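Just below is one structure, and these are the notes that go with it.
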Amino acid sequence: MSEAYFNEMYDGNGLRPPYRGLEGWYQDMPTEFRAFKQAEAEDLFRRFGITFAVYGDGGDPDRLIPFDMFPRVFAADEWRRLERGIKQRARALNAFLSDVYDRGEIIRAGRIPADLVYRNEAYEIAVAGFRPPLGIFSHIVGIDLVRTGVDQFYVLEDNCRTPSGVSYMLENREVMMRMFPHLFQENRVAPLDNYARLLKRTLASVAPAKCDREPNIVILTPGHYNSAYYEHSFLADLMGVELVEGQDLFVEGDFCWMRTTQGPRKVDVIYRRIDDAFLDPLCFRPDSTLGVPGLMNVYRSGGVTICSAPGAGVADDKAIYTFVPEMVRFYLGEAPILENVPTWQCAKPDEYKYVQEHLAELVVKEVHGSGGYGMLVGPKADKATIETFAAKLAENPGNYIAQPTLALSTCPTFVEEGIAPRHVDLRPYCLVGRDVDLVPGGLTRVALTEGSLVVNSSQGGGVKDTWVIAEE
Amino acid sequence: MILTVVHKTRYEFATPVGGIIQSLRLTPARCEGQKIVNWSVDVPGAVIGGLFSDGAGDHIQTVSLRNLTSTVEVNVSGKVETQDMAGVLRGHRERVPPRAYMRNTPRTEPNRAIRELVEDTLAVMGTASALDRAHALASAVHKALPYTPGATHAHTTAAEAMNEGLGVCQDHTHVMIACAHLAGLPARYVSGYLNATEDGSPHEASHAWAEIYIDGLGWVGFDASNESCPNDHYIRLGSGLDAQDAAPIRGLVLGGAEESLDVTVVIEAQQQ
């Protein structure tokens, strides 16, 4: 059954080269040893405190994301091409943001419809005309990729606001290195441990012009009830910066300050992990208690940098997604290296009609949704589910887009009976500051249920360590 | 015309509070037909940040007071020389694309009554120009909501005001914005001051009106409350998507107890 899918370890000629260094490891592994190692991995994750809150009924706030020990491996040349494609896309997305909050050349040129951008809820009028330091809006770009063949990669979606999951990328590696140190002696796996240093360098590079010393960087978290709180504290720790909540900061005059036991300390760069709407009750939602009142005034008068910039979300909207290859051509004058998945906009009557007639073959998603909630996977849904969804879709077609079900590649994964192919995707984290950086790797998510194509951790997906074999 | 404004806002707290923080949009816009002769914003005891312009061209500053206090005063006074521009906003430096003002907020979301008002008004107008349609809508809103102080409150939405059939300038403006959007015209909320007496005598004068974007003309003010366009009796402070977004003062009381608010705005036309 899985022959229809690209298997990243085996092709028609047997074991693919990037996986050769793993052959002995998994073939010789006794079942009891495997179970023992799996338990050890869980124990390590618990000790690190890495959990992921699952929302909804019966959600366990301290659930571990299942970790699969079988690494996913990319060859150096495969990664080189991916890296070029990811960096290209991250640059184009930032060029787009900097343009639509300025003169809107891409709209004037007729390449993107004005209403799609300017009437988009994620387009923040409050920052129109404001140019953040270096003109960068999205400093950490998470690009979700799937693979369907040796050289076929598709971008599923872009995440320009505050993509999460990078702590898993780093912890998965840490756990693998502790459990199987010899694997890293036998295989030239490119290291990831530079990530925190690069992230800090990226954030420091966008400090406001008014900052004339080593910038004071903080991570702003909504607090420990947030599903990604672990990640916020993890990153603060790794970078050696303060983790703060809104109430730890205040605005006075033209600056933002942090309360410390030695008195107020000026803050220069805020890596925020809260949504725009909650950033400042004097500018956005007045009932927000998570943000800092007055922050947007300080930001807009150049007293502090907010990463990602408020308003960055307009670039990762699913309706804008269709136009990203156009952005690459328009701003960079290059041919897009990474392809988009063909997408039907249900807002367009003829495309909606096609979607209605082909629901059983398509994946239908909410334009503004995330986390795999509220989507239909046509080929996996029964008739009743499709009918219910069709009714929901009819209420507000403009809220949905549809894509073909892609033949996601598989990667060997430990299962009860040994190893078996399971579908995977990939989220690399591209850093955009004075430089554009990408550590060799990303978060591989795996659909643990046989045949399942939904890899979201909120829907029972797991994660793997992702290797890039270093060049000779 | 020279207009003199004295605008005092006084907050009193039952028990002392830890301070306040406010974002002020209390300095008149820079545009043709409106020249500041002098202007001052003062909040005794507070730290006042520098004035900056946002993308909509509004002059904004942050004010904070972090001492235990039981009263706060925001005092604005100044003199502005105005000219009648027939409602057209000219020479105003702004960066927000007009199409961004096609979106509604909960306060400007239309209901059936507003939809019907627009349909009935426009049905008889054939291929009238956008400007004529906007004028017709302003008249229709004026008739639909007789000016009635006290009938609505600060949080009344356009739909609620329409159901009530009464309103003040804030309600007229919200309904006007909802109508303009239905007619396919970008529209926004403007807050400012109005000198409403013919003889130039001092009186209460906070005001709000709508601006509608007309291709070829740019932003044009429509005051549905007075069924007219702003002239040299108006001072424009700033704009937003609705009353909250365009508020001259947006603030928070820190560690706040109940407050009582006393606002007086006195405007007079100076004899020339």
Margin query: To the nearest 20 Debye, how big is the dipole of the range B:98-240 about its Cα centre, given +1 on the beta carbon of each Lys and Arg and -1 on that of each Asp and Glu?
Written below: 520
Check: Lys/Arg Cβ at +1, Asp/Glu Cβ at -1, dipole of the protein assembly as shown taken about the Cα centre: which of A:ILE469, A:SER458, B:VAL43 is farthest positive-ward?
Finding: A:ILE469
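Could you grab the relative contact order for the range B:98-240? Cα pairs under 8 Å, six or more apart, rounded to a whole percent.
Numbers: 259 pairs, mean separation 36.5, N = 143.
It comes to 25 percent, rounded to a whole number.
Per residue of A:291-301, what is the mean number of Cβ atoms on other protein chains within 10 angstrom of that residue's Cβ? Let's see the in-between values first.
Details: counts 0, 1, 10, 10, 1, 4, 12, 3, 0, 5, 9.
Going residue by residue through A:291-301 and averaging, the value is 5.
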Margin query: Suppose only helical runs count, i.e. DSSP H with n ≥ 4. What mean residue ellipticity at 222 nm does that imply for chain B under -39500 (n - 2.57) per run, divided by all residues and rounded to the nearest 500 deg cm²/dmol?
Written below: -5500 deg cm²/dmol
Notebook entry, point to check: Using unit Cβ charges (K, R positive; D, E negative) and no other charged atoms, how large, in debye to the nearest 20, is the dipole of chain A about its Cα centre?
Noted result: 1060
Item checked: Positive dipole terminus of the range B:98-240, leading residue within B:ALA224, B:LEU194, B:MET102 (C-beta point charges) -> B:MET102
Check: About its Cα centre, what dipole magnitude does chain B give when the only charges are +1 on Lys and Arg Cβ and -1 on Asp and Glu Cβ, stated in debye to the nearest 20?
Finding: 800
Check: Whole-Hz Karplus ³J(HN,Hα) for the range A:447-454, in order, using 6.51 cos²θ - 1.76 cosθ + 1.60 and θ = phi - 60°, x for Gly and Pro?
Finding: 7, 6, 7, 4, x, 5, 10, 9
Next item on the list: Show which lysines lie in cross-link reach of B:LYS35 when reach means a straight Cα distance below 22 angstrom and same-chain residues fewer than eight apart are skipped.
Entry: B:LYS8, B:LYS79
Notebook entry, point to check: In what sequence do B:GLU164, A:GLU171, A:GLU157 fall when counting other Cβ within 10 Å, fewest first?
Noted result: B:GLU164, A:GLU157, A:GLU171
Notebook entry, point to check: Excluding same-chain residues fewer than 8 positions from A:LYS200, which aspartates and glutamates have a Cα within less than 14 Å of its Cα?
Noted result: A:GLU214, A:ASP237, A:GLU242, A:ASP268, A:ASP435, A:ASP437
Next item on the list: Given a cut-off of 20 Å, name the pairs among A:LYS353/A:LYS383; A:LYS348/A:LYS383; A:LYS318/A:LYS464 whose C-alpha atoms lie farther apart than that in the structure shown.
Entry: A:LYS348/A:LYS383; A:LYS318/A:LYS464
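Quick check on the exposure proxy: order A:GLU124, B:GLU109, A:GLU416, B:GLU32 from fewest to most C-beta atoms within 10 angstrom. Show your work: numbers first, answer last.
Details: A:GLU124 24, B:GLU109 15, A:GLU416 6, B:GLU32 12.
Least to most surrounded, the residues fall as A:GLU416, B:GLU32, B:GLU109, A:GLU124.
Values quoted throughout were computed directly from the atomic coordinates according to the rules given, and no laboratory measurement underlies them. What you are looking at is a predicted structure, and each value in this text was computed from that prediction instead of being measured. No Cβ is skipped: glycine too gets one built from the backbone with ideal geometry, and neighbour counts run over all protein chains shown.
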